[in-house]
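First comes the structure, then the notes that go with it.
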Amino acid sequence: MLQTVIPQGYAPRLNLYDTQKAIGLLKRLFEDTLGGALHLRRVSAPLFVEASTGLNDDLNGVERAVSFDIPAAGREAQVVHSLAKWKRMALYRYQFSVGEGLYTDMNAIRRDEELDNLHSVYVDQWDWEKVLAPRDRNTGYLADTVRTIVSAMCQTQDTLRSVFPQLTALPPLDGEVSFVTAQELEDLWPGLSPREREDAWVKEHPTTFLMGIGGALKSGRPHDGRAPDYDDWDLNGDILLWNPVLERAFEVSSMGIRVDPTALDRQLTASGCDERRALPFHKMLLEGKLPLTIGGGIGQSRLCMLLLGKAHIGEVQASVWDEQTISACQEAGVILL
């Protein structure tokens, strides 16, 4: 079981109200910078989707969605886990062209999340998706997009530090991105767990894009779980940054080039999810009716934690916590929102 641990001697850089002001500024800055850099337009997104559409994100395949009936509509709805598939359908409906994309605020409930410094049952992120040409389904295009996102984070941090000088005590983000595959990490440290491998690599390479997540490695196990119906497991990854407060690798984004019909066919079979082929979203994708896309989610609370130097995600978002978390934070003088 995961648990909350507040580092010895931790003290927040900003007081409670300045934290709120900084969160507001950070979110406005990053949205504008990211949207301009990736040519994204803001759209509205659902809090819940109809269960029968197959649009909800299945995450690792075991998490339970929060479900409820809507008597007036005669439908069963699910609170979203993420908008990975909804965004692709939205690009189709909006008839966006190659090079155009969207971003939105995503608010989710993940009831089965294990709670610790980084994890909450409430998830907030910037979800984005962009139409790409067939020629751009490659690691070069993926890497260029990662660098653009990291640059937007660095620009946001620079402005925050000018407005809140207290934050200059934190080390600046490294804008140079290291690219490494999950298989390369397993080859380097076969005896370590996936998280331990990430910590070992990112400590020496503080801005890293870890590629190839979802498929089985040589060990027979994946580095981490990924649903088979949005990322292409050969063209995806996580943006990991070194967190100097928690002294560990810190995931701020999961993203990738999305499955085309061939990749979806392969991954549905590999994951034992062939029954999904009959769902409306999957059927359209297999028939080639949906655009080729790249997209991902960027954690809003995660980025706020990192750039504001916070030790616990509850310092930048309001949620519900277990007694161990509440006690650990109270003993360390950490105020949860």
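Annotations
- If you plug the beta carbon distance of GLU176 and ILE70 into 1/(1 + (r/R0)^6) with R0 = 45 Å, you get a FRET efficiency near 0.35.
- Net lengthening on full extension, GLN183/ILE326 (0.36 nm per residue, minus Cα-Cα): 47.7 nm
- Of all DSSP beta bridges in the chain, antiparallel share, percent nearest 5: 85
- Whole-Å distance, taken between Cα centres, linking segment 11-35 and segment 189-267: 27
- Loop-resident trypsin sites (Lys or Arg not before Pro) (DSSP state other than H, G, I, E or B) in segment 233-322 with no more than 10 further Cβ atoms inside 10 Å of their Cβ: LYS289.
- For the chain, the pair-distance distribution built from all alpha carbon pairs, in bins 20 Å wide starting at 0, is 30, 61, 9 percent.
- Estimated D of segment 1-133 in µm² per second, where Rh is the Kirkwood radius over Cα pairs and Stokes-Einstein applies at 4 °C, 1.567 mPa s: 75
- log₁₀ of I(q)/I(0) at q = 0.24, 0.30, 0.35 Å⁻¹ - segment 13-52, Debye sum with one point per alpha carbon: -0.81, -0.94, -1.07
- Surface composition of the chain: carbon plus sulfur atoms contribute 51% of the solvent-accessible area (1.4 Å probe, protein chains only, all chains present).
- Over segment 280-337: Kirkwood hydrodynamic radius from C-alpha pairwise inverse distances, Å: 14.5
- Computed over protein heavy atoms with a 1.4 Å probe, the accessible surface of the chain works out to 44 Å² per residue.
- In the structure shown, the pairs LYS27/LYS289; LYS27/LYS85; LYS27/LYS218; LYS130/LYS283; LYS203/LYS289; LYS85/LYS218 are assessed against 31 Å; a Cα-Cα span above that value is assigned to LYS27/LYS289; LYS27/LYS218; LYS203/LYS289.
- Between the Cα long axis of helix 84-94 and the first principal axis of the chain there is an angle of about 60°, rounded to the nearest 10.
The values are calculated or read from the model by the stated rules, or taken from the named source; none is laboratory data. For clarity, every value in this text was computed on a predicted model and none was experimentally measured. Cβ coordinates were reconstructed from backbone atoms using ideal geometry, including for glycine residues, and neighbour counts include every protein chain displayed. Only protein heavy atoms, including side chains, enter the accessible area calculation; ligands, DNA and RNA are left aside. Shrake-Rupley method; radii C 1.70, N 1.55, O 1.52, S 1.80 Å.
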